[in-house]
Each structure stands twice: as C-alpha cells, then as structure tokens.
1. How large is the helix-only mean residue ellipticity at 222 nm for the protein assembly as shown, computed as the sum of -39500 (n - 2.57) over DSSP H runs with n ≥ 4, divided by its residue count, in deg cm²/dmol to the nearest 500?
2. Run the dipole for the stretch B:2-130 about the Cα centre, Lys and Arg Cβ at +1, Asp and Glu Cβ at -1, nothing else charged, and hand back the magnitude in debye, nearest 20.
3. Normalising by the residue count of the stretch B:108-264, find the relative contact order in percent from Cα pairs under 8 Å and 6+ residues apart.
4. With the contact rule set at Cα under 8 Å and sequence spacing of 6 or more, what percent relative contact order holds for the stretch A:2-180?
5. How large is the accessible surface per residue of the protein assembly as shown, computed with a 1.4 Å probe and reported in Å² as a whole number?
6. Can you list residues whose amide H is under 5 Å from A:Ile290's amide H, if they're 5+ apart or on another chain and H is modeled 1.01 Å from N?
7. Tell me, what ³J(HN,Hα) does each residue in the stretch B:87-100 have, in order and in whole Hz, if you take phi through Karplus 6.51 cos²θ - 1.76 cosθ + 1.60 with θ = phi - 60° and put x for Gly and Pro?
8. Rule-of-thumb check for the stretch A:297-411: C-alpha Rg over 2.2 N^0.38 Å?
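The values are calculated or read from the model by the stated rules, or taken from the named source; none is laboratory data. Note that this is a predicted model, so its numbers are computed, not measured. Don't worry about glycine lacking a Cβ; one is built from the backbone with ideal geometry, like all the others, and counts go over all protein chains shown. The area values use the complete protein model at the heavy-atom level, side chains included, leaving out ligands, DNA and RNA. Shrake-Rupley method; radii C 1.70, N 1.55, O 1.52, S 1.80 Å.
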Amino acid sequence: MMKQYFDDLVNGIEAKLKEDPGSMSPRKIYALEVAKIGRRLYGGEERVAWCGVTAPFDLLAAMGITSCFVEFIGAMLASTGMVSEFLAEAEQAGFAGDTCAYHKSVLGAARKGLMPVPDFLIATSCPCTGGLAVMETLARHFQKDLFVLNIPQEETQQSVQYLADQIRDMVNFVSNHTGEALSEDRLREAIAHTNKAREIMVDVYKMAMNVPSPANGRLLGNFGIVVALLLGTKAAVDVATVYRDSFKEMLEKGISGIPDERIRLLWIQNRIQFKNPLIDILETQYNASIVSDELNDITWDPIDPDDPYIGLARRAISIPFNGQGSRRIKHLQQMAKDYKIDGAINPCHWGCRQGSGARGLISKGLGEVGVPVLNLEVDCIDSRNFAEGQLKTRLEAFTEMLDHRSSPWEA
Amino acid sequence: MTDMKKQRIGFTCAYTPIAIVDAAGFVPYRVLPVTDVPDQAGRILHDNLCPHVKRVLDRALENDLPEDLTGMIFMNSCDAMRRLADAWMTVRPEDHVMILDLPTTGGRTDIAFFAKELERLSHTLAAWSGNPIAADQIARSVEQYNQIADNIRTLNEFLAQGKLKGSGKRLQELINQATSAPFADSLTLLDAEIRNNQLNPARQNGIPVFLFGNVMPDPDFFSLIEDCGVQIVGNDFCTSTRMFENLPCTDKETLFTEISGQLLNKPPCARTFDPARPGKIADDVIQRAKSLGAQGIIGHSLKFCDPYLARLPMVRDAVQGTDIPLLLLEGDCTLRSFGQQRTRIEAFVEMLR
C-alpha cells in the first residue's frame with residue numbers, strides 16, 4: 001500500500017513536470033525528493049534503518065543506508081487520511097490513548113505489517129522520551145539490533161566529545177551490519193553536500209524573512225525537520241537551490257507568498273499533518289501568512305570535513321528542542337525578531353510532553369518580546385477528535401486581535 | 001559550612017546520587033508529589049504532563065516545601081522532568097538548580113560521560129555550600145547510604161514474609177522518611193524497625209503478588225492493595241525499593257566512575273534500557289515475579305508517563321506467554337480513583353484464588 005503510494009507520488013510529480021515544466025515549484029521538487037525517500041524505504045531493495053529525529057542522516061547516506069525518522073511515517077499516514085486504523089490497532093494492543101499519535105500510528109503500522117522490516121534501528125534520545133520508547137518497542141517487534149545515540153542536553157567540550165564518540169561507535173555498528181567499512185571519500189562527499197545545502201538554506205531562510213515574505217503557509221511547512229533526511233545527498237542541494245532561486249525571483253518581481261500579506265505568523269513545533277482548512281482560512285480571510293516554522297533555521301556551523309564527528313555532534317545538540325526551555329525560548333524570540341512576527345501559533349500536539357510541556361513558558365517568553373501566542377489543543381496526527389469549528393473560531397479571534405494591534409517590531 | 005549544614009537540597013528522581021548530596025553537607029530531600037494544594041501546574045506545563053511533575057510543581061507554586069530547601073537537583077530522566085526543571089527555575093528563581101544529564105543506556109562511553117556529570121555535581125554542590133567535598137566524605141556517605149539500602153532490603157524481605165508490622169504501608173512510610181531525612185536519622189529509624197520486627201513470625205496474609213510501576217509514594221496505596229487480599233512479595237517503584245540500590249566505592253580515585261556505572265546499570269526505570277535487549281523490562285518483571293513466588297503481577301503507572309505507557313504493551317505481551325496473570329492500573333499519584341481500582345483488584349485477586 002505505502003510502496004504504491006510513494007510510487008504514484010513520484011511518477012505523478014515527474015509526469016507533471018515533464019508535461020508542464022512551467023509548473024515546477026520548489027514545494028513540488030521537495031515533495032518529489034521526499035517521495036523518493038519513501039519509495040526507497042518501501043522498495044525492498046535497499047538497506048533501511050529506522051531512526052530517531054536527530055540521527056546523522058548524511059553519515060548514514062554515506063554508508064549506503066536509506067534512513068528515516070519514524071515520525072515521518074506517522075505524518076505520511078496522517079496526510080493520506082489512512083492513519084485512523086493504525087491508531088486503533090496500537091490502542092487495541094495497549095498503547096495508551098494519551099500518548100503521541102506520531103508514535104502510536106507507527107506502532108500500529110508495524111503491527112499491521114506496513115512498516116518495512118529494517119536492517120537495524122538507530123534511536124536518539126532527543127527530541128523526546130516517547131520517540132526513544134517507540135524505537136525500543138520497534139526493535140523488539142522486528143527483532144533487529146538497536147543502537148542508541150544519547151544526545152547531551154547542553155553543548156560543552158565534554159558533551160560534544162561524548163556524542164562524537166557515540167557517532168563513531170555507530171559507524172562501527174553499521175559497518176558490522178553491512179560488512180562494509182565507511183569510505184572516507186563518500187563521507188567527504190556527503191559532508192560537502194551537507195555544507196552546500198546548509199549554505200543555500202541560510203539564504204533561503206534569510207529571504208523568507210523579507211516583508212512581505214516569499215514564503216507562505218505551505219511552501220516551507222515541515223521543511224526544516226524533513227529536509228534533514230536529504231542531507232548528505234545532492235538532492236538536498238538541489239531542493240535548497242530551487243527554493244533559493246524561486247524566492248530570489250519572487251523578491252525581484254515583488255511577488256509575496258500570499259497576496260497583501262498583513263499578518264506574519266510563526267508556527268511552533270509540529271504542523272497539523274492531516275488535511276484541514278486552517279491555513280486556507282488564515283491566508284484567504286485574514287491575509288495571515290505563516291512565514292516560518294520553528295525548525296526552519298540553521299542552528300549549526302558548517303561541518304569540518306577533516307573532523308566531521310565533532311560537527312555532526314554539535315549539530316544534533318544544537319536543535320532548538322534540545323536542552324533547557326530557556327534556550328528554546330531564546331531561539332523563538334530571535335526568530336520572532338528576524339521574521340518580524342506578529343503572532344505565533346502553538347498547536348500543543350496532544351501527547352507531546354516535550355513540546356506542549358513548555359507551552360506556558362513559551363507563551364511568557366514570546367510575550368516578553370510582544371508576540372502573542374495562540375495555544376491550540378490539537379492532535380497533529382489523529383484527526384478523529386479534530387474540532388474544526390472551535391479551532392476556526394479561535395484562529396479568527398486571534399487574527400482579528402492581531403489585525404487591530406501594531407507590529408511589535410515597528411520602530 | 002555550619003550555617004549550611006542543615007539546608008536541604010531537593011530531588012525528584014530515583015537516579016539522583018543522594019550520597020554525594022549528603023557528602024556535601026546537605027540533607028537530600030525528595031519532593032514527593034503528595035500535597036493538598038490545588039492543581040494549577042497545568043497552566044505552566046500542560047494538563048497532559050504526568051501527575052508526578054505537576055504535583056511537584058504545585059508544591060513549588062504554593063511554597064509547600066521545607067523552608068530550608070535552597071536548591072534542586074533534577075535528572076534529565078524524561079521530557080516531563082526536563083519541563084519541570086524549566087518551570088521550577090521560573091517559579092522559584094532564588095533556588096539553586098542543577099540538571100544532571102543522565103544517559104539512557106549504560107555502555108562504556110555513557111558511564112564515562114555520566115561520571116563527569118557526577119564530578120560536575122560534586123563541584124556544584126561544593127560551590128553552593130562554599131566548601132570542597134573530599135573523596136573521603138563521599139566514601140563515608142556512600143557507606144551510610146548503603147547501610148540504609150541494606151536495611152530497606154531487609155524490611156522488604158520482612159514484608160514478603162508477612163512479618164513486618166504495618167505491612168506495605170509501614171514500609172512505604174519508612175522509605176518516604178529515608179528519602180527526606182539526614183542519613184544518620186534514617187539509619188537510627190530503620191535499625192529500630194528491624195529490631196522491632198525481626199522476631200515476628202512469618203505469615204501468609206494473602207495471595208502473593210508482585211507490584212511494579214513508576215511513582216506511588218502514598219503509603220495508603222499499599223494497605224488498600226493488601227486489603228483486597230494481596231500479600232506484596234516484592235515491589236519495584238521509583239519511590240520505593242528502587243530508590244535505594246547499593247553503590248560501590250572501592251577506589252577513591254575512580255569513585256565517580258564506579259557510582260556512574262552502578263546507577264546506569266541498576267534495576268532500571270523504564271526510561272533506561274539495554275539496547276542489546278530491547279524490551280528487557282518485560283523479561284525482568286516476569287523474572288522477578290517468578291523468583292518471588294508471585295501468583296500475579298500488578299503494574300501501576302501514572303497517566304501520561306511516556307517511558308512506562310510505551311513499554312507496558314511489551315510487558316503485557318510477554319506476560320501472556322506465562323502462567324502469571326497481570327493487572328495494569330493507571331493513576332495520578334493520589335487515591336482519588338481508588339474506588340474503581342479496588343473493584344478491579346478484588347476481581348483480579350478473586351481470579352487468582
């Protein structure tokens with residue numbers, strides 16, 4: 001079922017681009033490359049590793065491994081409208097209804113045989129405890145070997161070295177399973193791709209900060225977290241390049257992501273992954289544009305190809321979800337300033353202790369720089385309890401309030 | 001140090017190396033989620049966070065804490081605990097706060113890293129107290145801590161044999177006191193309790209059952225379980241025996257490494273695991289129940305506790321392959337819903353008869 005889905009998606013986008021090259025948009029190229037990952041995961045021909053969110057996907061690519069964080073599958077199942085039966089399967093197997101539906105859907109899919117059997121699994125302790133638990137459960141379910149990367153909470157010389165040592169151990173673990181040593185040349189090539197993509201993405205995000213922004217509620221939705229899967233490959237560079245070129249052209253021609261952008265919004269943490277009308281309502285009724293997602297940022301320095309493990313470790317530690325809440329809030333405040341944000345939306349994904357547990361402090365922190373936060377009560381994966389009417393009312397009230405106040409960034 | 005000697009340093013997790021806190025001249029004080037103050041932590045955290053951290057934060061919000069509590073040590077044990085640490089620093093900005101980074105696995109590199117964290121703890125506590133901590137002091141505190149652990153183990157054996165007066169409730173009262181009093185006071189109390197009970201005859205008071213779970217500090221919980229016809233032959237909670245596991249201290253030069261290795265490889269909370277044996281928690285629960293002669297297993301988890309909730313299905317699946325029935329309960333650190341749970345426990349015990 002999923003293989004067919006990804007095959008159709010890849011073939012459909014490629015056919016469309018062939019038929020009408022003018023229809024090429026950065027989002028389409030991004031979707032195509034992401035769909036290709038899905039096709040490889042489900043193709044049955046490549047070595048596959050299920051991973052945690054902060055695994056070094058570029059390093060794994062250099063070792064010939066198709067790797068993906070499991071939450072990606074949860075998001076896919078939700079976006080295709082198929083997720084309910086897998087959530088029900090997991091709940092019947094005893095997984096509590098109060099836990100994260102990204103994880104429950106994946107566990108349900110695994111129990112129903114819809115997750116490809118991996119060659120091995122690589123868990124990461126960041127961003128969340130639930131993610132780590134699901135990896136342990138999957139390892140037991142598939143009877144496959146599990147490697148755990150403990151991502152330290154803070155960046156110190158000692159903590160970076162600890163993670164770098166673990167990543168080296170991970171390379172040995174992978175080599176032991178593939179029977180192939182890591183090629184230094186392939187690693188250098190992967191790091192070069194990563195650094196190039198990073199450099200271009202810095203430009204992309206900088207252009208998205210423009211007022212009005214070339215970004216909108218869809219163009220860069222989920223981008224920062226998912227593009228990590230492409231790092232280390234030419235696809236990451238290609239996708240980033242298409243975005244940069246497109247945004248550059250839009251800025252030159254004075255085209256914005258939505259017409260008459262009036263309200264600039266920041267989306268915190270996860271997008272709602274199933275089909276819903278909220279973005280449409282914001283854009284068409286209130287000229288409110290989501291100009292950035294929390295993870296659409298580069299928080300790490302270029303990786304030194306001569307000493308890549310240190311750079312890979314620093315990158316994993318640097319993600320905003322890691323460490324103390326104060327660090328995350330500081331990052332959000334900086335994003336609000338850089339993007340001249342009028343208001344932020346936090347979906348407070350039900351079951352996410354890592355994210356929604358910080359909601360009170362995030363509201364307070366953004367409030368300190370004059371940015372109000374709308375905290376929703378929504379499950380970003382499970383559409384069964386989606387209260388569309390209530391959410392619309394709250395979004396409307398929020399945007400009306402924003403419309404009647406001046407930007408916190410006006411001089 | 002004299003003026004600091006009686007100050008308390010709070011903690012909330014069974015992985016906290018309280019012997020080092022004691023060595024620094026502080027009294028380690030477990031901030032238990034037991035309080036009558038109103039529920040209000042949800043406005044800072046989220047209502048879907050575990051009741052353990054919410055009730056602890058409620059205590060901070062209402063200042064339902066000892067006056068001499070001047071600092072907190074949080075373990076990076078789970079998402080909820082990290083968020084509690086964030087909130088604590090906002091609610092009580094005057095407190096010293098330290099977060100120890102606790103790996104989820106106990107391999108070679110993890111032990112080395114956590115040993116450095118313990119060293120950092122030692123330096124931090126020394127800075128808080130104004131006095132350096134000598135290795136000898138830590139060794140002495142470890143020795144006392146181990147005596148407490150030995151005593152708790154003895155009393156737990158008395159409980160399993162049915163000879164502990166006051167039974168499970170009394171044991172939990174003693175453990176709660178041992179996690180909040182100076183080591184010397186705890187030892188005096190526990191020694192007396194052992195003397196008072198050691199000549200009691202062994203008795204079979206009910207169906208032998210093994211309990212496991214995360215946080216359940218309320219002594220009344222254990223008597224309510226026993227009132228349903230259960231004899232608790234062993235238990236494994238963060239707030240009970242798992243709090244006291246003996247620590248090694250054979251070489252003062254490497255004591256942080258020794259303590260680190262033991263903490264990371266002691267009988268684990270669900271958040272710590274062996275990647276070479278995924279789901280080992282399920283096998284451990286069965287093995288312990290069998291070794292204690294339990295006829296049934298009762299698991300009690302807090303609502304919204306991801307480490308446990310995610311792994312209970314593995315326990316359930318594994319237990320199905322044995323002849324030991326399992327009952328899983330979910331609670332909120334209080335006995336507010338115990339009426340419903342009593343019915344389920346009674347039915348479970350009836351089935352075991």
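1. Numbers: 29 runs with 377 residues, N = 764.
Value at 222 nm, helices only: -15500 deg cm²/dmol.
2. Numbers: 14 positive and 18 negative charges, 57 e Å.
It comes to approximately 280 debye.
3. Numbers: 193 pairs, mean separation 51.2, N = 157.
Reported as a whole number, the value is 33 percent.
4. Details: 220 pairs, mean separation 31.8, N = 179.
Relative contact order of the stretch A:2-180: 18 percent.
5. Numbers: 28520 Å² over 764 residues.
Per-residue value: 37 Å².
6. For A:Ile290, the qualifying residues are A:Gly217, A:Leu265.
7. Running phi through 6.51 cos²θ - 1.76 cosθ + 1.60 with θ = phi - 60° gives 5, 4, 5, 7, 6, 10, x, 7, 6, 5, 9, 9, 10, 8 Hz.
8. Numbers: Rg = 17.1 Å, N = 115, 2.2 N^0.38 = 13.4 Å.
Compactness ratio reported: 1.28.
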